[in-house]
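The next block holds one structure in the form of structure tokens; read it before the comments.
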Amino acid sequence: MSELEVRIVNLEPMRVASAHGYGESPEELAWEKIVTWAKSKGMLEDLKGLRFFGFNNPNPSPGSPNYGYEQWVVIDPDVEVEGEIQAKEFPGGLYAVARCQLSNITEVWKQLVLWQEDSNYKMGNLQCLEEALTPEVFITSEGMIPIDETMLDRLSFDLYLCIEE
């Protein structure tokens with residue numbers, strides 16, 4: 001196992017549009033909702049200008065295949081949301097950040113938690129986040145492309161673990 005590269009980042013406050021999925025594969029459900037909504041707002045024309053964050057909500061429970069996932073896209077203050085999409089204000093905060101591919105996301109999360117336990121930082125109280133760095137792999141101006149095995153090493157994420165000094 002190679003040494004995990006960790007950056008300390010102060011994530012700025014942001015306004016987000018939020019979609020929620022629940023089931024055995026809630027990430028796909030939440031992504032589909034937020035991408036469909038973003039397309040309806042014309043936001044997918046400039047994919048490079050968008051930031052997408054997600055996280056388990058609620059976390060998986062022992063004995064159940066179901067859990068939740070919440071997907072965010074950062075929006076301007078004047079963007080209106082409707083239907084299942086909610087607007088939320090994220091306060092920002094201090095994070096330990098590590099990069100990974102979708103193929104090793106679970107392992108890198110484990111390594112990041114171990115890094116925090118061995119560091120001078122304690123766990124913070126804000127939401128841990130996963131930022132999709134390469135959404136263009138599975139999102140076009142027309143919407144989502146189903147994620148398959150060939151994409152796992154091309155989908156890059158920054159994992160944000162909330163910390164405090």
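Things worth noting here:
- Relative contact order of the stretch 7-79, defined on C-alpha pairs under 8 angstrom at six or more residues apart (%): 42 percent
- Computed from the Cβ-Cβ distance with R0 of 30 Å, the FRET efficiency linking Y22 to S156 stands at 0.70.
- Using a Förster distance of 35 Å, the FRET efficiency for L47-K110 (Cβ separation, nearest 0.05): 0.70
- Annotation: amide H of I75 within the under-5 Å range of R15, V16, A17, sequence separation 5 or more or interchain, hydrogens built in the peptide plane.
- Between the stretch 117-137 and the stretch 91-110, the alpha-carbon center distance in angstrom: 5 Å
- The chain: Lys pairs at Cα distance under 23 angstrom, eight or more positions apart or on different chains: 8
- Full-stretch length increase - E142, R99 - with 0.36 nm per residue and alpha-carbon distance subtracted: 12.7 nm
Only the coordinates and a few stated rules stand behind these numbers; no lab work does. Just so it is clear, the model here is predicted, and its values are computed rather than measured. When we count neighbours, we look across all protein chains shown, and the Cβ atoms used for this are built from the backbone with ideal geometry, even at glycine.
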